[in-house]
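Below: the structure, in structure tokens.
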Amino acid sequence: MWPFWTTSYTTYTPRELHNQAFDYVVVGGGTGGCVVASRLSKDPNVRVLLIERGPIVDTWLSKVPLLSVDFRAASSPTFKWNSASDALYPSGEHLVSGKVFGGTSKINAHVYTRAVPAEYNAWAAAGRKGWDWETVEPYFCRSETSLTHPHEVYRGSSGPWHNRKLPDIYFKLHRFLNAADSLGIPRVKDIHDPSITPYSAACLDVTVDHNGTRVSTFDAFLPPKITNARRNLYICPSAVVCRLELQSTSSGLKAVGVHFKLESAALSSGECFVSVEREVILCAGAIATPQILMLSGIGPGGYLQSLGMTVKKDLPGVGSSLQDHATVPLIYKIPRVDSLHALESSKLLATWEILKYVFFGRGLLLSPNPQVALFALSKLLDSNSSTDQSAEAANSHSPANIPDIEIVPMPFNAFDDRKLDEADGVSTVCCINLKPKSSGTVRLLSLDARDRPVCDLKYLTNAEDYVVFRKMLRLGLEIGRKCRKSGYPLRDFRVPQSESDEDLNEYIRANIRTTFHYSCTCRMAPLKDDGVVDDELRVHGIEGLRIADASVFPVIPSAHPQAPVVMVAERCADFIKESRS
């Protein structure tokens, strides 16, 4: 926790790498890219290059769990831009993703969730060979060390990525868990236990180590002892990939190189090139990966032609099927002492919490947002109970039983900028649609790789999403009533006018927000289903090109996506190694 340290990393500029040859080039040093680069470079006989558009950030503030999630700050290493859905969001929805080694795992709420086994069994049932729970579970275990549950067979105990539950429940959030109990949603010890019901409430695991330090995938998989010791691993920060070099072969196309340059370089100058002997692995995320493909002439043919581009490979699925876990918040006033707003109004309290964290690794700076969550299935909700106690509905391995609702209380005002009275704090209860039916698109803003693409989230374009949101809002409001009945002084701040369908629909449209979980823009599916990669993450019709990030999810998983992304990256590294043998 000590705030005064410096760490050095061996890095290279594009100019220093120009015209060199590598066995593997990993494009994107984010959540998945750090894993792939680490696993591949373990073989000293191959040369691996990792290119990331952002810098290496290894400051003390970037490792403090609470402070590192403030991506609204101007200094946060993030991309920030607006959604194209102006009809739905008059002011434009604010989108955010990590621009730093470690990617979004460096700036997110550091929640570790895998999704229930049913999620992956559903992938397998839809034809994704080798993606069932029994196959993917060992990859989750390989990557992690669970500091809270190290002896459970379904948890990892020797992986580089540490996570744990925190020792204290902050801000009286136990009242939320008590309310869930009273509604028939059981409180469980570990939501990753594959034997529990698919509906549950629990304290969440967070990617924080035993010292109280936040652990991104860069920290876990590419610490200095690896990056500085492996002579075969080359790291290039602050460089933007312009396009891939594709070569015609007797069987189609092959990725043979990468064009890239310093992000600060002029549009028409500074471009460098490296050749690739074996494979390029795109790990730039669900927004940038389809952008790079389209800039390389890979994507929807008609669309690329309309931009005057040469179509190298017509793949209609590139940039399509964009999904996100949209949320509609319920916002309540609470005593200021029970919220993070207390830190804003008391310099004495803030100083005390800093000292507790620096010297003991405890206190509010260790607090994640969120810390507890409830998962539910909308199909089981009715006017009388929250769950169906039948054995069939309680089977978390059945593809029919995937949670589509997550309700998360957070002890601050996450989405409302109205001023508060001095004595008031705020609790935001996020009602999150884990299985949206609506999907959007990623398209190019320009042919300059530095420009963020045009992202149209297209929330609520499928009417079924309204049905799920109405059910979860009613559940969230009932939890609020239960908290009041227990004696807690919860007061309405921003809630629906009533629970009629009309008032709930109006509230949903006015308050829907992103949770920054962008996914599915290069889906793992057959070509006929607008798929972009096959079951081994190879891009259809292009040799030597794979994708390992959130863009490959067949559908958005019912989990905070960083753990599923790491699992995908672990699998990708194994697919590559197996292809060499």
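The values are calculated or read from the model by the stated rules, or taken from the named source; none is laboratory data. Note that the coordinates shown come from a computational prediction; the quantities given were computed from them, not determined experimentally. Note: ideal-geometry Cβ built from the backbone for every residue, glycine included; neighbour counts use all protein chains shown.
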Revision key, fill the gap. The one condition A179 fails out of (1) buried (at least 23 other Cβ atoms within 10 Å of the Cβ); (2) of a type in the set (A, V, I, L, M, F, W, C); (3) not assigned by TED's automatic domain parsing to the domain that holds F375 is (3)
Point to revise | Residues being part of a loop (DSSP other than H, G, I, E, B), under 27 Å from E543 (Cβ atoms) and in contact with a Pro (Cβ under 6 Å, 6 or more places away or on another chain) - total across the range 199-253 | key: 1
Exercise for review: Pull up the range 255-266, narrow it to residues that are outside any strand (DSSP E or B) and surrounded by 13 or more Cβ atoms within 10 Å (Cβ to Cβ), then point me to the one that is modelled with the highest pLDDT.
Suggested key: E263
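Each row is one residue, and each column tells you yes or no for (1) at pLDDT 95 or above; (2) not aliphatic (A, V, I, L, M).
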site	(1), (2)
D421	no, yes
S438	yes, yes
R450	no, yes
A463	yes, no
L475	yes, no
Practice item. Run down V454, V442, V429 and say which single residue is outside the structural domain of R484 (by TED's automatic domain parsing), among the aliphatic types (A, V, I, L, M), touching a residue at least 60 places away in the same chain (Cβ under 8 Å) and crowded, with 24+ Cβ neighbours inside 10 Å. Key: V442
Practice item. Output the qualifying pairs, or none if there are none: Cβ atoms under 9 angstrom, residues six or more apart or on different chains, first residue in the range 252-263 and closer than 14 Å to Y24 by Cβ and in the same structural domain as S296 (by TED's automatic domain parsing), second residue buried (at least 18 other Cβ atoms within 10 Å of the Cβ) and acidic (D, E). Key: A255/E279
Check your understanding: Looking at (1) over 25 Å from the mean Cα position of the chain (by Cα); (2) of a type in the set (A, V, I, L, M); (3) surrounded by 22 or more Cβ atoms within 10 Å (Cβ to Cβ), can you tell me which one V206 breaks?
Key -> (1)
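Filter the range 537-553 down to the residues that are of a type in the set (A, V, I, L, M, F, W, C), touching a Lys or Arg at 6+ places or on another chain (Cβ under 9 Å) and at negative phi and list them by number.
Across the range 537-553, the qualifying residues are V539, I542, L545, I547, A548, V552, F553.
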Check your understanding: Do we have any residue at all in the range 174-184 that's farther than 20 Å from S367 by Cα and assigned to a loop (DSSP other than H, G, I, E, B)?
Key -> yes
Practice item. Return yes when N163 is more than 21 Å from K435 (Cα to Cα) and not hydroxyl-bearing (S, T, Y) and no when it is not. Key: yes
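Per-residue answers, yes or no, for (1) within 25 Å of the chain's Cα centre (by Cα); (2) crowded, with 23+ Cβ neighbours inside 10 Å; (3) not assigned by TED's automatic domain parsing to the domain that holds I576:
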{"position": "A229", "(1), (2), (3)": "no, no, no"}
{"position": "Y234", "(1), (2), (3)": "no, yes, no"}
{"position": "V280", "(1), (2), (3)": "yes, yes, no"}
{"position": "S306", "(1), (2), (3)": "no, no, no"}
Check your understanding: What do you reckon, is L537 under 30 Å from K254 (Cα atoms), buried (at least 18 other Cβ atoms within 10 Å of the Cβ) and in contact with a Cys (Cβ under 6 Å, 6 or more places away or on another chain)?
Key -> yes
Check your understanding: What is the one condition in (1) in contact (Cβ under 8 Å) with a residue 40 or more places away in the chain; (2) in the same structural domain as L380 (by TED's automatic domain parsing); (3) buried (at least 21 other Cβ atoms within 10 Å of the Cβ); (4) not hydrophobic (A, V, I, L, M, F, W, C) that Y488 does not satisfy?
Key -> (3)
Point to revise | Test: residue in the range 109-130 that is modelled with pLDDT under 95 and either touching a His at 6+ places or on another chain (Cβ under 8 Å) or of a type in the set (A, V, I, L, M) (or both) | key: yes
